[in-house]
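What follows draws every value from the coordinates through simple rules; no lab data is involved. Fair warning: this is a prediction, and the values are worked out from it, not measured in the lab. Ideal geometry is used to build each Cβ from the backbone, glycine not excepted, and the neighbour counts take in all protein chains shown.
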Amino acid sequence: MTISRKCVPFTPFERELSKTTIAIVTAGGVHLKDQEPFNIADELGDLTYREIPPDVDSSQLMVTHHHYDHSDADEDINVVFPIDVLRDLESEGFIGGIAKKHIGYMGYTMQLKAMYEGTAREIANEIDKGSRADAVVLTGG
Amino acid sequence: MKGIPTVLITVSPEVSAQMRPPRALYPKGFKIGNSLGRPGMRDLQKKVLREALELLSQNTRPGEVVTIEYPEYGEQYEPPRVKKLG
């Protein structure tokens, strides 16, 4: 694998953080306990994603991902999906708000092109449509 | 769609750098599965998230990963390396 030769898709940030609404997008396999788990049986990976609401109780989140040790995330989901941390930063006035949608997907895949050209765009559209996010924090496992 | 600013928190800086993320933070020595720190370390988690968000408005070089040390994390881990082919 070589370094991507594509242009860096840099979007300038011209707001104050205290007036910025933030969304989280994680490749760490995070989803609600009552959502369908990611398919870890398929060796090609799972190209789907799950929408996580802003008012989620973090104890209702879990991880389905077989390519990293998520025992710490099982104990405290904030180590990969910092939703409670974001709430703290909002109450302190450090950020302006929490987006209406957050996204979890399972970053492991053998279908890189489909992930890059399909799933990634779908996730970007989800965030663009109705999340009201001004910026996104991305995390892996 | 006009694009949306992003910042990545990565514990695999070499692997992430290959994709040339617009802005990225590597909390040095954090292991995979601990992007924000260890369970229950809320003050550290807040510090990491705050400093990641601050990268949005700092004059970073797109495509590079910024390394920040957090001694309060404790034991440090080696990040995965990119396998060189040939």
**Complete:** Here D for chain A, in µm²/s, from Stokes-Einstein with a Kirkwood Rh over Cα pairs at 25 °C and 0.890 mPa s, works out to 155
**Asked** Can you list residues whose amide H is under 5 Å from residue B:29's amide H, if they're 5+ apart or on another chain and H is modeled 1.01 Å from N?
**Response** B:77
**Asked** Hey, rough spin-label estimate for residue B:54 and residue B:82, points 7 angstrom out along Cα→Cβ, what's it come to in nanometres?
**Response** 2.8
**Prompt:** What residue among A:124, A:73, A:99 shows peak mean-square fluctuation when chain A is described by a Gaussian network model with Cα springs under 10 Å?
**Reply:** A:124
**Request:** Rounded to the nearest 500, what is the 222 nm mean residue ellipticity of chain A from helices alone, with -39500 (n - 2.57) per DSSP H run of 4+ residues and division by all residues?
**Result:** -4500 deg cm²/dmol
**Request:** Grab the alpha carbons of the stretch B:1-52, take their convex hull, and tell me the volume per residue in Å³.
**Result:** 95
**Prompt:** If you stretched the chain out fully between residue A:16 and residue A:132, how much longer would it get, using 0.36 nm times the residue separation minus the C-alpha to C-alpha distance?
**Reply:** 40.2 nm
**Item:** Whole-percent pair-distance distribution, where bins are 5 Å wide, for the alpha carbons of the stretch A:1-65
**Value:** 3, 12, 18, 15, 14, 16, 14, 7, 1
**Mean separation of Cα contacts under 8 Å, 6 or more apart, over the residue count of chain B: relative contact order %** = 40
**Message:** Residue by residue through the stretch A:113-125, what is 3J(HN,Hα) from phi via Karplus (6.51 cos²θ - 1.76 cosθ + 1.60, θ = phi - 60°)? Round to whole Hz and write x for glycine and proline.
**Reply:** 5, 5, 5, 6, 8, x, 4, 4, 5, 4, 5, 4, 5
**Request:** Based on other C-beta atoms within 10 Å, arrange B:83, B:2, A:100 from fewest to most.
**Result:** B:2, B:83, A:100
**Request:** Neighbouring Cβ atoms within 10 Å as the yardstick, rank A:58, A:91, A:131 fewest first.
**Result:** A:91, A:58, A:131
**Message:** Whole-Hz ³J(HN,Hα) for each residue in the stretch A:25-37, computed from phi via Karplus 6.51 cos²θ - 1.76 cosθ + 1.60 with θ = phi - 60°, x for glycine and proline: what do you get?
**Reply:** 10, 10, 8, x, x, 8, 7, 6, 4, 9, 8, 4, x
**Request:** May I ask for the net charge around residue A:23, where only other residues with Cβ less than 13 Å from the Cβ of residue A:23 are counted and Lys, Arg are +1 while Asp, Glu are -1?
**Result:** -1
**Prompt:** Relative to the present Cα-Cα distance, how much length would full extension add between residue A:69 and residue A:116 at 0.36 nm per residue of separation?
**Reply:** 14.5 nm
**Given 14 as the ceiling on other Cβ atoms within 10 Å, longest exposed-site-free region of chain A for GluC sites (Glu not before Pro) in DSSP loops** = A:93-141
**Asked** Hey, which of these cross-link pairs are over 29 Å Cα-Cα: A:101/B:84; A:33/B:46; A:6/B:84; A:101/B:83?
**Response** A:101/B:84; A:101/B:83
**Asked** What is the distance, in nm, between label points placed 7 Å from the Cα along the Cα-to-Cβ direction at residue B:61 and at residue A:43?
**Response** 4.1
**Percent of beta bridges antiparallel (DSSP, the protein assembly as shown, rounded to nearest 5)** = 30
**Request:** Could you check the simple spin-label distance between residue A:57 and residue B:28, using points 7 Å along Cα→Cβ, in nm with one decimal?
**Result:** 4.1
**Request:** Please tell me the relative contact order of chain A in percent, rounded to the nearest whole number, where contacts are Cα pairs under 8 Å and at least six residues apart.
**Result:** 42
**Complete:** Fewest-first ordering of B:47, A:33, B:84 by Cβ atoms within 10 Å yields B:84, A:33, B:47
